[in-house]
1. Filter segment 222-234 down to the residues that are aliphatic (A, V, I, L, M), closer than 19 Å to Asn118 by Cβ and surrounded by 21 or more Cβ atoms within 10 Å (Cβ to Cβ) and list them by number.
2. Can you confirm whether Thr237 is surrounded by fewer than 19 Cβ atoms within 10 Å (Cβ to Cβ), in contact (Cβ under 8 Å) with a residue 40 or more places away in the chain and among the hydroxyl-bearing types (Ser, Thr, Tyr)?
3. Consider segment 190-221. How many of its residues are surrounded by 24 or more Cβ atoms within 10 Å (Cβ to Cβ) and assigned to a helix (DSSP H, G or I)?
4. Does any residue in segment 183-198 that is more than 16 Å from Lys210 (Cβ to Cβ) come within less than 7 Å, Cβ to Cβ, of a residue that is polar (S, T, N, Q) and crowded, with 23+ Cβ neighbours inside 10 Å six or more places away or on a different chain, and which pairs are these?
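The values are calculated or read from the model by the stated rules, or taken from the named source; none is laboratory data. The model shown is predicted, which means the values in this text are computed figures rather than measured ones. Reconstructed Cβ throughout: ideal geometry from the backbone, glycine too, with neighbour counts over all protein chains shown.
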Amino acid sequence: MDIYEQIVQLRREGRRGAVATITNVRGSIPSFQTAKMLVRDDGSIVGTIGGGCVEAEVWQAAREVMEEEKPRTLTFNLNNNPKYDTGLVCGGTLDIFIEPVLPPALLYVFGAGHVAFNLYKVAMIAGFDVTVIDDRESYANRERFPEAREVIAADFDGATERLHVPESAYVVIVTRGHRDDMRVLRWAINLNTRYLGMIGSRRKTISIYKELETEGVPAEKFVNIHAPVGLEIGAVTPEEIAVAIVAEMIAVRRHALPNIPSKAYDYAALRTSAADSQDAVEENTGND
């Protein structure tokens, strides 16, 4: 495969990478303008920009670019720095642009009720590729979710057994009841996805965490779960809750969470907190 086919395959697999391209050349260099090199998230490469110390430095910078998800430009003067002299003194200068290759923002929504429906609509607008899973065909169907990547109408346990969810994915649990929420969370907690959120009050969250703890799930597994899901914006209606959830996912996607109030509480804080901010929402609207 050429480098472009490799980029497509990488994104299909939900993986990251970075592409380095020689964008400007002055003088003689051991490569050519527009030469490209793809660095995959496992460190492997496709293509070359000339080899040697330049390529080694670009490889390291590419690893940082895919982590930060921000492009950068490097300039190398092959004449002035002796470390670039590999016996073939070229004497040129080159600029290399490194851009991240990011996987599609895949969102898996468990549940197809009122909150899930509005979450699907808002997430699609925000650029997420949505898969909806529910055990009710009357809810999980193409008529209700026409633009979804996939709509799965199946028992949650059966559906999760067949799903391949990459670590770069986002998972939101908004089924119609605590029992199903816990069933899905029991599976999702081991995926190490980029984002995992579950609807409900803090009291419900603590109850589910305690139950999973009795099954042997370590408490540290709960630290990064966004529950109650969504940013603290006072959301009450299903539409508002959907906006809060998508806003939180965007904050995670753009590395903005340290500056934004989030509901990703650690387990210790949850256990000692007396606040119950989503209880009224849950009682009035339910997860559907």
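1. Those that are aliphatic (A, V, I, L, M), closer than 19 Å to Asn118 by Cβ and surrounded by 21 or more Cβ atoms within 10 Å (Cβ to Cβ): Ala227, Val229, Leu231.
2. Working: surrounded by fewer than 19 Cβ atoms within 10 Å (Cβ to Cβ): yes; in contact (Cβ under 8 Å) with a residue 40 or more places away in the chain: yes; among the hydroxyl-bearing types (Ser, Thr, Tyr): yes.
The answer is yes for Thr237.
3. Total satisfying the criteria: 1.
4. What qualifies is Val184/Thr175.
For (1) at pLDDT 95 or above; (2) of a type in the set (Lys, Arg); (3) farther than 21 Å from Val165 by Cα, each residue gets a yes or a no:
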{"site": "Val184", "(1), (2), (3)": "yes, no, no"}
{"site": "Ala188", "(1), (2), (3)": "yes, no, no"}
{"site": "Leu191", "(1), (2), (3)": "no, no, no"}
{"site": "Thr205", "(1), (2), (3)": "no, no, yes"}
{"site": "Pro238", "(1), (2), (3)": "yes, no, yes"}
{"site": "Ile241", "(1), (2), (3)": "yes, no, yes"}
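For (1) of a type in the set (A, V, I, L, M, F, W, C); (2) modelled with pLDDT of 95 or more; (3) crowded, with 18+ Cβ neighbours inside 10 Å, each residue gets a yes or a no:
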site	(1), (2), (3)
Val65	yes, yes, yes
Leu78	yes, no, yes
Phe110	yes, yes, yes
Tyr120	no, yes, yes
Asp135	no, yes, yes
Ser138	no, yes, no
